[in-house]
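First the structure, in the form of structure tokens, and then the observations on it.
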Amino acid sequence: MSRVLIADDNQVLALSCNDFLTKEKNIEIVDIVNNGIDAYNSYIEYKPDVLLLDLDMPVMNGVEVINKLCEDDEEKRKDNIIVISGTLDRLLPYDTSKVHRIMPKPLDYELLLKTIYEIQGQLDYNKLEETIDNLFFDSRLAAPYLKGTNYLKQAVVYCYYNEELFKDLNSVYDMIAEDNFIRKIKGKNVLWSLQSLIDSYEKKVNKELLSSYFIYYDNTMELTPKYLLELIVNQLKYTQK
């Protein structure tokens with residue numbers, strides 16, 4: 001579900017956006033405002049996934065809203081604003097790190113919808129990465145000094161989004177090798193690093209800890225790269241329900 005805040009003093013355009021977007025079952029309009037102050041306050045209150053923002057608004061214009069939101073370091077890292085305006089030049093000298101796309105009027109509604117889903121996809125990905133990091137820390141898997149930690153994280157992301165990959169993990173290792181082409185590694189190097197990570201992991205944890213943390217853990221199973229990946233992905237799926 002993508003939560004959207006609409007900020008535009010053109011009531012006709014704002015309502016038109018609302019009517020178009022509410023037809024989508026995966027989009028919720030959290031608020032519609034017509035000036036910059038209300039846009040900022042509503043954003044702080046609702047924390048929307050996406051802000052549709054006009055630049056020419058009374059009280060506080062869109063550029064000022066962007067600048068004020070960028071004062072928050074956490075918010076600044078999110079490029080979740082879609083600027084909707086007929087006058088774009090004055091935005092250029094300012095911090096546009098939060099601006100995902102600038103769309104001129106009249107609006108291309110299909111492109112608007114595609115852009116919202118692009119932003120939501122990136123937000124979901126970032127959230128998944130954060131959840132994986134927390135899982136690694138809580139289960140004592142985090143070992144920054146081992147390359148296998150990063151490779152494991154990449155493998156988890158691939159398999160989380162496509163569980164069919166469990167049938168051919170060698171293809172996953174090859175994809176990770178391609179992602180890390182600067183290191184000039186091959187898929188077998190990724191597998192070796194994962195096994196090294198597991199060897200290190202088993203020295204500092206016992207089966208009781210694994211059983212207490214991973215709900216699907218079977219202490220009769222050998223902790224192979226494939227089994228560890230399955231445990232982590234299943235744990236993520238379970239906690240995301």
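The values are calculated or read from the model by the stated rules, or taken from the named source; none is laboratory data. In this text the structure is predicted, and so the values were computed from the model without any measurement. Cβ placement follows ideal geometry from the backbone for every residue including glycine, while neighbour counts extend to all protein chains displayed.
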- Item | Residue in region 121-179 that is farthest from VAL190 (Cα to Cα), counting only those that are of a type in the set (Asp, Glu) and in contact (Cβ under 8 Å) with a residue 60 or more places away in the chain | ASP138
- Task: Filter region 215-241 down to the residues that are farther than 14 Å from LEU152 by Cβ and aromatic (Phe, Trp, Tyr), then identify the one that is surrounded by the fewest Cβ atoms within 10 Å (Cβ to Cβ).
- Result: TYR238
- Item | region 203-224: number of residues that are in contact with a Leu (Cβ under 6 Å, 6 or more places away or on another chain) and under 15 Å from ASP138 (Cα atoms) | 1
- Query: Which residue out of ILE32, ILE37, ILE44, ILE84 is among the hydrophobic types (A, V, I, L, M, F, W, C) and surrounded by 21 or more Cβ atoms within 10 Å (Cβ to Cβ)?
  - Reply: ILE84
- Message: Please go through region 25-55 and give me each residue that is out of contact with any helix residue (DSSP H, G or I) (no Cβ under 7 Å at 6 or more places or on another chain) and either part of a helix (DSSP H, G or I) or under 20 Å from ASP108 (Cβ atoms) (or both), ordered by number.
- Response: ASN26, ILE37, ASP38, ASN41, SER42, ILE44, GLU45, TYR46
- Mind checking whether some residue in region 55-64 is surrounded by 15 or more Cβ atoms within 10 Å (Cβ to Cβ) and among the polar types (S, T, N, Q)? yes
- Item | Single match in SER171, SER196 (criterion: surrounded by fewer than 19 Cβ atoms within 10 Å (Cβ to Cβ), of a type outside the set (Val, Ile, Thr) and either over 26 Å from the mean Cα position of the chain (by Cα) or at pLDDT below 90 (or both)) | SER196
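Matching residues to (1) in contact with a strand residue (DSSP E or B) (Cβ under 7 Å, 6 or more places away or on another chain); (2) over 16 Å from LEU5 (Cβ atoms); (3) charged (D, E, K, R); (4) modelled with pLDDT of 90 or more:
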| position | (1), (2), (3), (4) |
| --- | --- |
| GLY36 | no, no, no, yes |
| TYR46 | yes, no, no, yes |
| LEU69 | no, no, no, yes |
| VAL83 | yes, no, no, yes |
| LEU88 | yes, yes, no, no |
- Task: For residues that are farther than 17 Å from ILE84 by Cα and not hydroxyl-bearing (Ser, Thr, Tyr), scanning just region 14-36, find the one that is farthest from the chain's Cα centre (by Cα).
- Result: LYS23
- Task: Could you look through region 109-136, keep only residues that are loosely packed, with under 13 Cβ neighbours inside 10 Å and polar (S, T, N, Q), and pick out the one that is nearest to ARG77 (Cα to Cα)?
- Result: ASN126
- Note on the structure: Flagged pairs (Cβ under 9 angstrom, 6 or more apart or on separate chains; first in region 34-59, of a type in the set (Lys, Arg); second at pLDDT 95 or above and not in a loop (DSSP other than H, G, I, E, B)) are LYS47/ARG3; LYS47/VAL30
